[in-house]
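What follows is a set of notes on a single structure, which appears directly below.
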Amino acid sequence: MEILDIKNEMNENKLKEIAKGIKNGKLCLFPTETVYGIGSNGLDEKAVEKIYVAKKRSRKNPINLLVSDIEMIEKIAQDISPLEYKLMEAFFPGPFTIILKKKSIVPSIVTANSDFVGVRMPSGNIARKLVQLAGVPIAAPSANISGELSGTNLKDVIDEFSTCLDFAIDGGESTIGMESTIVRVMDGIPHILRPGSITPEQIEMVAGNVVLEEANSIILPSSTMNHYQLNASCSLVYDEDNHKMVEKMVEISKKYINPVILCCKENLPYYSTKQTIVIASKDDLEDYSKKLFSSLRKADAFSPDMILIEGVKKQGLGIAIMDRLENVCQIFV
């Protein structure tokens, strides 16, 4: 495996070499603005098979394709509606995936034999440049063993794939830290199949209407199974009254020998006698989402008998944050 470190300086010549390898079916771990991805040529069935094997991923779970421009989208998708174009114009490039009707050029292994494919145009310079240089869509699910936490930096995930990778690119921390919003337009209305940093309010401003689907919606790339598992048990605690939430956290923590508390910066003083990890300020949900996965990994590394996590209000970006936490936690208070 060859590792390319471009945290501080882009190396386009080296990216060209890696992009050529991807086009020829090689497997690469690389950063996007959302999380790190593991990818290869999305039009090469054998290359996509390598991704499923590396991630230990069910073949019933489809994979999104990363694209570099609208022209590439039109090569892999058909019957694109005016509203779908409008959504892509508003949110591409960025942390937004749209489900489109696929053309036959897209192998069935990518879509789990469905007629639809998830398409995303990344805004991260490295990911988008890779797609441009490869000249083909890159099949790129999040870089994690299926069922485990997504990775927001190279060191968190590289060991999991070291024996199967041809290339790995270190681009530092992902700037968003949470997987993309997934949308499918049905009956002229965008349905959010997986919440992300593009919020329902933003989509509604573009489309005039939006539906937030339940987590078990069909034709949902990357989310047809419980996506995150930690070694430790997790409890999610939330109350609109911050004082009551802190009291519940403290009360529950007393029941365990080695609990770890994940909290906002403002509440840290209330947990001074406990092992605590500050995620971010309660008023900075963008920073919260960026640091969420790394904070969960850090908490799990303490081998606690319980991880207690403060919840956030289900509004705006808070919807996506709580979606991820509800996937992690077994207990809700």
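The values are calculated or read from the model by the stated rules, or taken from the named source; none is laboratory data. These numbers come from a predicted model, not from an experiment. Cβ placement follows ideal geometry from the backbone for every residue including glycine, while neighbour counts extend to all protein chains displayed.
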- request: Exactly one condition in (1) surrounded by 15 or more Cβ atoms within 10 Å (Cβ to Cβ); (2) without any contact (Cβ under 8 Å) to a residue 24 or more places away in the chain; (3) of a type in the set (A, V, I, L, M) is not met by Val246; state its number.
  value: (2)
statement: Scanning region 118-147 residue by residue, the ones that are part of a loop (DSSP other than H, G, I, E, B) and either crowded, with 20+ Cβ neighbours inside 10 Å or touching a Pro at 6+ places or on another chain (Cβ under 9 Å) (or both) total 10
message: I need the full set of residues from region 1-28 which are in contact with a helix residue (DSSP H, G or I) (Cβ under 6 Å, 6 or more places away or on another chain) and part of a strand (DSSP E or B), in order please.
response: Leu4, Cys28
- line: Of the residues in region 32-88, those that are in contact with a strand residue (DSSP E or B) (Cβ under 7 Å, 6 or more places away or on another chain) and loosely packed, with under 14 Cβ neighbours inside 10 Å number 3
- prompt: If the Cβ limit is 9 Å and pairs must be 6+ apart or interchain, which residue in region 312-333 that is on the phi > 0 side of the Ramachandran plot pairs with which residue that is outside any loop (DSSP other than H, G, I, E, B) and surrounded by 16 or more Cβ atoms within 10 Å (Cβ to Cβ)?
  reply: Gly316/Pro200; Gly316/Gln202; Gly316/Leu285
query: Would region 310-317 turn up any residue that is assigned by TED's automatic domain parsing to the domain that holds Ser281, in a helix (DSSP H, G or I) and under 15 Å from the mean Cα position of the chain (by Cα)?
result: yes
- prompt: Which residues, taken from region 94-110, are of a type in the set (Lys, Arg) and either buried (at least 18 other Cβ atoms within 10 Å of the Cβ) or not in a strand (DSSP E or B) (or both)?
  reply: Lys102, Lys103
field: One residue from Val183, Val157 being modelled with pLDDT of 95 or more, buried (at least 24 other Cβ atoms within 10 Å of the Cβ) and either aliphatic (A, V, I, L, M) or over 20 Å from Asn61 (Cα atoms) (or both)
entry: Val183
query: Considering region 259-280 alone, what residues qualify as being among the polar types (S, T, N, Q), within 29 Å of Thr152 (Cα to Cα) and either at pLDDT below 95 or assigned to a helix (DSSP H, G or I) (or both)?
result: Asn267, Ser272, Gln275
query: So Asn113 clears everything in (1) polar (S, T, N, Q); (2) crowded, with 19+ Cβ neighbours inside 10 Å; (3) free of Cβ contacts under 8 Å to residues at least 40 places away in the same chain except one condition, right? Which one?
result: (2)
